[in-house]
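The values are calculated or read from the model by the stated rules, or taken from the named source; none is laboratory data. Note that the coordinates shown come from a computational prediction; the quantities given were computed from them, not determined experimentally. In this analysis, Cβ positions are derived from the backbone assuming ideal geometry, glycine residues included, and neighbour counts consider all displayed protein chains.
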Amino acid sequence: MKMLKAGVIGVGYMGFHHARIYSTLNNNVKLVGVFDIDNSKSEIVADNLGVKKFNSIDELVDECDIISIAAPTDKHHEIAIPCIKKGKHLLIEKPVADTIEKAEEIKYYSQKYGVKVMVGFTERFNPAIRQLTNYISNPIFIECRRMGPLPSRKPSTGVLLDLMIHDIDIIVNYLMKDKKIKNINSIGNSVYNFTNNEDIAVGNIVFENGSIAVMTASRCYPSKERKMRIVQNDNSIYVDLILQYIEIHYVPSNIYKNTDIESFEVKIEIPNIIRAESLRLEIMEFVNSVLENREPLVNIDNGIRSLDIATQMLKNIQIAKI
């Protein structure tokens, strides 16, 4: 089987981890090198991993078969298009681009030149999310909380595109992928003086079947939290994405409609989940999709749909300093 030569463009926080994982995938993948506009970052990562530091994107692209793009979101499009035109397969960190028009152009050229484009929604490969689908039948209500403190690096986007878009993807492209959306609402606000985007946001998606999804994202929270709660006809499910933990509470199927029930028994199931690094699973899927010449599990259409919904939510938010 062909040995794929991998490169990483942008080696900040996420890009470093892409490079680290590529460097450990000994079977069929070799990390050739890295590039970052900040030369010192490239040097540190290249020296740490024992790979080449490229002086330009063009140099890296010419030596690679597959490339992770982990540069700032507003640079994704201008980096991706030349890579695609040279026949390189791409794993682009979420969101795929900063506008729908740019995302659609990435899709157009990927189809024209016959290359794979996978979007980096790492949570899709969280073992808890993968296990969750075994217990999903017909969600009535989905609540997602993605909270945390302000990151040490200055954020280039608001929490909708940085955090909430993960939950948008999980809901519309995975758990509720066959359900049509009726309407989308959102509110949000900016808290920090040095950010020009929303630091807190709440988004709601109402589906035509009556199901509701409520998502909260914040970078003004003292501790990191990644949790979901799902209500269905015969159970409620609690998910902790950090702990990779699921708890299912089973109730009688008529509990929500029968007002005569005075007491009932709740059975609790805690599935056994084998913990794993989600990003490693994501990169392995990207590599395998190229080797097997198939569509990746998280494709460009998923990225465009999530970005479209997030963009609609952004339009609803009028930023005002608290």
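Per-residue answers, yes or no, for (1) closer than 23 Å to Arg294 by Cα; (2) part of a helix (DSSP H, G or I):
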{"residue": "His17", "(1), (2)": "no, yes"}
{"residue": "Ser40", "(1), (2)": "no, yes"}
{"residue": "Asp47", "(1), (2)": "no, yes"}
{"residue": "Glu59", "(1), (2)": "no, yes"}
{"residue": "Asp74", "(1), (2)": "no, yes"}
{"residue": "Ala80", "(1), (2)": "yes, yes"}
{"residue": "Ile84", "(1), (2)": "yes, yes"}
{"residue": "Leu90", "(1), (2)": "yes, no"}
{"residue": "Val96", "(1), (2)": "yes, no"}
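Considering each residue of the range 270-322, count those that are of a type in the set (A, V, I, L, M) and under 24 Å from Asn197 (Cβ atoms), and give that number.
10
Tell me the residue from Pro296, Pro271 that is crowded, with 19+ Cβ neighbours inside 10 Å, in a loop (DSSP other than H, G, I, E, B) and modelled with pLDDT of 95 or more, please. Outline the logic, then answer.
Numbers: Pro271 fails: crowded, with 19+ Cβ neighbours inside 10 Å.
When all the criteria are applied, what remains is Pro296.
If you go through the range 107-116 one residue at a time, do you hit one that is of a type in the set (Val, Ile, Thr), crowded, with 22+ Cβ neighbours inside 10 Å, outside the structural domain of Ile268 (by TED's automatic domain parsing) and farther than 22 Å from Lys180 by Cα?
For the range 107-116, residues of a type in the set (Val, Ile, Thr), crowded, with 22+ Cβ neighbours inside 10 Å, outside the structural domain of Ile268 (by TED's automatic domain parsing) and farther than 22 Å from Lys180 by Cα: absent.
Restricting attention to the range 117-144, and to residues there that are aromatic (Phe, Trp, Tyr) and part of a helix (DSSP H, G or I), which single residue is nearest to His18 (Cα to Cα)?
If we take residues in the range 117-144 being aromatic (Phe, Trp, Tyr) and part of a helix (DSSP H, G or I), then Phe125 is nearest to His18 (Cα to Cα).
Exactly one condition in (1) over 18 Å from the mean Cα position of the chain (by Cα); (2) in contact (Cβ under 8 Å) with a residue 12 or more places away in the chain; (3) in a loop (DSSP other than H, G, I, E, B) is not met by Val34; state its number.
In the conditions (1) over 18 Å from the mean Cα position of the chain (by Cα); (2) in contact (Cβ under 8 Å) with a residue 12 or more places away in the chain; (3) in a loop (DSSP other than H, G, I, E, B), Val34 misses (3) alone.
Among the residues of the range 45-78, count how many are in contact (Cβ under 8 Å) with a residue 24 or more places away in the chain, of a type outside the set (Asp, Glu) and closer than 27 Å to Asn26 by Cβ.
15
Do you know which residues across the range 198-227 are within 21 Å of Lys179 (Cα to Cα), in contact with a helix residue (DSSP H, G or I) (Cβ under 8 Å, 6 or more places away or on another chain) and among the aliphatic types (A, V, I, L, M)?
Matches in the range 198-227: Ile205, Ala213, Met215.
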